[in-house]
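Beneath this line is the structure, given in structure tokens, with notes to follow.
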Amino acid sequence: MAWIVTDDVYAETWRRLHEFANIELTIDALVLRHGVPKTKSMEQAYRKQAQQIRVSVLQAKEYFDAATQSTLFTSPNHLYYGMVALSAWSMLVVGDGTYALDYLRRNPGNAHHGLRFTTGATASSAVSGLSMLLNTYVEVLGNGYFSRWYSTIPLHDTVFAYFQQTLDGSVRSGRRAQGFEPRAEFSSFAGRKYSTIDLVKGLPDLVDDLPRYGVRAPILRTTHKVDLKRDGKTIHTWLVHGGAPSLPDQEAVLDRFRIESRYMHALSGKFEQLADGGIIKIEQLASENDMKFSWPSCRETLNHETISYAAILDRPESVDAFLLSYQLSMLSRYYADLWIGCLESQCKAAKLIERAVEVMRKKFPMQVLSQLTPGGVVVSNHRPPWATL
């Protein structure tokens, strides 16, 4: 995975996304992913796809800029349509000709969001506590735009860890794939219903905000390090830095560390007090190549902290952000009286909404860019963490 250091993450992310505004560079990217076109008609199809990708990127940038420049009264609406444009870009890059915008328009079933919004919030309840987030829902429908985009998302996400390897007296370090996080197929995803608070809990950048506003989420800060020994032994170490709101919540996360019973001897752990965290270690011998183990679902903050969850997260964070943004957009457009009332009350829901919108505006473009970059990419104003390991 490439690690790009810059003093302006937003500008660098969009500079790279804007490369797809160039038709020839976009055709090159399509050839790399789908192969060289073998006929004249395929060449024309690639060019058409590239032109649609170009307008999606250009439109997405305008929407995200508008979300940056506007207040919370309207920014969620700009943000959501920016996400729609960016997801269309990724769908057009990953998908074949059946994902072209003109092809999708042939089916009237694709002419809606593919999501259903409901809210039980009222003018009196929206201005108090977390009511707006607790009583607003999104349901995933079996067809429509969201289903088409979701079908182009990989069913496995790569999980990375920091590694160290000793070779001839010197030490190499970096970031390397260590496993895969399975994602739900759309057939099992359709019909699911999420409250706004469910989705807010899944944003790792809100890890410090949630407990302050009375939201309980079983999560821990962790760091996964892998030490590759010269004798072939591999030592996986998870440094647990605390963060769970209670001991039961900590135990719920730790219960997600699983290993086959015949290899229980390889698993060890030590914990002091809840606030102090602890350590979990798995030592794998060179002869134990068939050892299988798993650890909690995790997501990474903008500051590159890893947050581990007790919940099984079977969809990418970008999908949660898309669903959350849709809910906030619907509230801001069609329930403007409740929306403005909530924001002006400065209730707990309003403060969490403010943070969530800020994070998604910065993060979603980076996530989509990384998903479509071979090997992945991180755009950061931090040095790579392994540079200080």
Rounded to the nearest Å, the spacing of the alpha-carbon centers of the range 332-389 and the range 34-58 is 31 Å
When DSSP assigns beta bridges and you keep just the ones with both residues in the chain, what percent turn out antiparallel, to the nearest 5?
-> 85 percent
Positive dipole terminus of the range 134-258, leading residue within S246, I219, F180 (C-beta point charges) = F180
Summed residue charge, Cβ within 12 Å of P218's Cβ, Lys/Arg positive, Asp/Glu negative | 0
Specify, per residue and in Å³, the volume enclosed by the convex hull of the alpha carbon atoms belonging to the chain.
-> 165 Å³
Hey, how many Å between the Cα centroid of the range 105-146 and the Cα centroid of the range 221-282?
-> 38 Å
Under 12 Å, Cβ to Cβ, from E305 - net charge with Lys/Arg +1 and Asp/Glu -1 = -1
With 0.36 nm assigned to each residue of separation and the Cα-Cα distance removed, K233 to R106 gains 40.1 nm
Residue-count net charge about S90 - beta-carbon cut-off 12 Å; Lys, Arg +1, Asp, Glu -1 | +2
Structure shown: which of K270/K292; K225/K351; K48/K201; K61/K351; K270/K348; K61/K348 lie over 28 Å apart, alpha-carbon to alpha-carbon?
-> K225/K351; K48/K201; K270/K348; K61/K348
Specify which residue in the list L130, F293, Y150 is farthest towards the positive end of the charge dipole of the chain, using unit charges on the beta carbon of Lys, Arg (+1) and Asp, Glu (-1), about the Cα centre.
-> Y150
Mean separation of Cα pairs under 8 Å and 6+ residues apart, divided by the residue count of the range 93-175: what relative contact order is that in percent?
-> 25 percent
Return a whole-number percent for the relative contact order of the chain, with Cα pairs under 8 Å and 6 or more residues apart as the contact set.
-> 22 percent
Roll a 1.4 angstrom probe over the protein heavy atoms and tell me the percent of accessible area of the chain that is carbon or sulfur.
-> 51 percent
The farthest towards the positive end of the charge dipole of the chain, of the residues A2, N381, Q49, given +1 on Cβ of Lys and Arg and -1 on Cβ of Asp and Glu, is Q49
The chain - accessible surface per residue (Å², probe 1.4 Å) | 46 Å²
In nm, spacing of pseudo-spin labels at H156 and D314 (7 Å Cα→C-beta vector) = 1.7 nm
What is the projected area of the convex hull of the Cα atoms of the range 41-124, averaged over all directions, in nm²?
-> 7.2 nm²
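The values are calculated or read from the model by the stated rules, or taken from the named source; none is laboratory data. The structure presented is a predicted model; accordingly, all values stated were derived computationally and were not measured. When we count neighbours, we look across all protein chains shown, and the Cβ atoms used for this are built from the backbone with ideal geometry, even at glycine. In case anyone asks, the SASA skips ligands and DNA or RNA and just uses the protein heavy atoms, side chains included. Shrake-Rupley method; radii C 1.70, N 1.55, O 1.52, S 1.80 Å.
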